[in-house]
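The values are calculated or read from the model by the stated rules, or taken from the named source; none is laboratory data. Since the model is a prediction, treat every value here as computed from it, not as a measurement. We place every Cβ from the backbone using ideal geometry, glycine too, and count neighbours over all the protein chains shown. To get the accessible areas, we keep the full protein, side chains included, count just its heavy atoms, and leave off ligands, DNA and RNA. Shrake-Rupley method; radii C 1.70, N 1.55, O 1.52, S 1.80 Å.
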Amino acid sequence: MPGTRKLGKTTDQRMAMLRQQVTDFIDLGRMETTYTRAKEISAMAEKMITLGKKKGLANYRQALAFITREDVAKKVFGEIADKYAEREGGYTRITRIGPRRGDAAEMAVIELV
């Protein structure tokens, strides 16, 4: 499911990190992270929201296999799916906010539109 960015981690570490970040992002609606991580999170979060819009038990189970908390999965299939029912895609926005002080990594804010 994720893109080709390795983010300096092994596959299992990368998938665990991205699953947790997508879960937290969907729960809070806004997150500050590096730009490359934000691009990965955006693609995965949009796929989860699209699953939520399709409804159905199979789609719910598929989303729950990726999202780490059941209350967030219910939120995706309930209020978030209803919010974006008329929208065909582009549920997230990434805004660059400049370099991080410690290592000058490009930081960004990702948020639900």
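Failed condition for Q20, given (1) at pLDDT below 95; (2) under 11 Å from the mean Cα position of the chain (by Cα); (3) of a type outside the set (K, R); (4) open to solvent by 50 Å² or more (accessible area, probe 1.4 Å), with all others met?
Q20 satisfies every listed condition except (1).
What number goes with the only condition from (1) closer than 14 Å to V113 by Cβ; (2) open to solvent by 40 Å² or more (accessible area, probe 1.4 Å) that I49 does not pass?
(2)
For region 23-41, which residues satisfy the criterion of being open to solvent by 30 Å² or more (accessible area, probe 1.4 Å) and among the aromatic types (F, W, Y)?
Y35
Which of the residues spanning region 72-98 are in contact (Cβ under 8 Å) with a residue 40 or more places away in the chain and closer than 13 Å to F25 by Cα?
Scanning region 72-98 gives V72, K75, V76, I80, Y91, T92, I94.
Please find, among R61, R37, R101, the residue that is without any contact (Cβ under 8 Å) to a residue 12 or more places away in the chain, among the basic types (K, R), within 23 Å of K9 (Cα to Cα) and not in a strand (DSSP E or B). Write out each step before concluding.
On the way: R61 fails: within 23 Å of K9 (Cα to Cα); R37 fails: without any contact (Cβ under 8 Å) to a residue 12 or more places away in the chain.
From the options R61, R37, R101, the qualifying one is R101.
Got a sec? Which of G8, G29, G52 is out of contact with any helix residue (DSSP H, G or I) (no Cβ under 8 Å at 6 or more places or on another chain) and touching a residue at least 12 places away in the same chain (Cβ under 8 Å)?
Exactly one of G8, G29, G52 is out of contact with any helix residue (DSSP H, G or I) (no Cβ under 8 Å at 6 or more places or on another chain) and touching a residue at least 12 places away in the same chain (Cβ under 8 Å), namely G29.
Which of the residues spanning region 98-113 are loosely packed, with under 11 Cβ neighbours inside 10 Å and within 20 Å of M44 (Cα to Cα)?
V113
Would you pick out the residues in region 82-97 that are open to solvent by less than 80 Å² (accessible area, probe 1.4 Å) and either β-branched (V, I, T) or over 16 Å from M44 (Cβ atoms) (or both)? Give the steps one after another, and end with the answer.
Of the residues in region 82-97, the ones open to solvent by less than 80 Å² (accessible area, probe 1.4 Å) are 84-85, 89-92, 94-95.
Those that are open to solvent by less than 80 Å² (accessible area, probe 1.4 Å) and either β-branched (V, I, T) or over 16 Å from M44 (Cβ atoms) (or both): A85, T92, I94, T95.
Sort out which residues of region 69-80 are under 14 Å from the mean Cα position of the chain (by Cα) and open to solvent by less than 60 Å² (accessible area, probe 1.4 Å), and write them in order of number.
The answer is V72, A73, K75, V76, I80.
On the given criteria, is M15 of a type outside the set (D, E, K, R), at negative phi, assigned to a helix (DSSP H, G or I) and in contact (Cβ under 8 Å) with a residue 12 or more places away in the chain?
Answer is yes for this residue.
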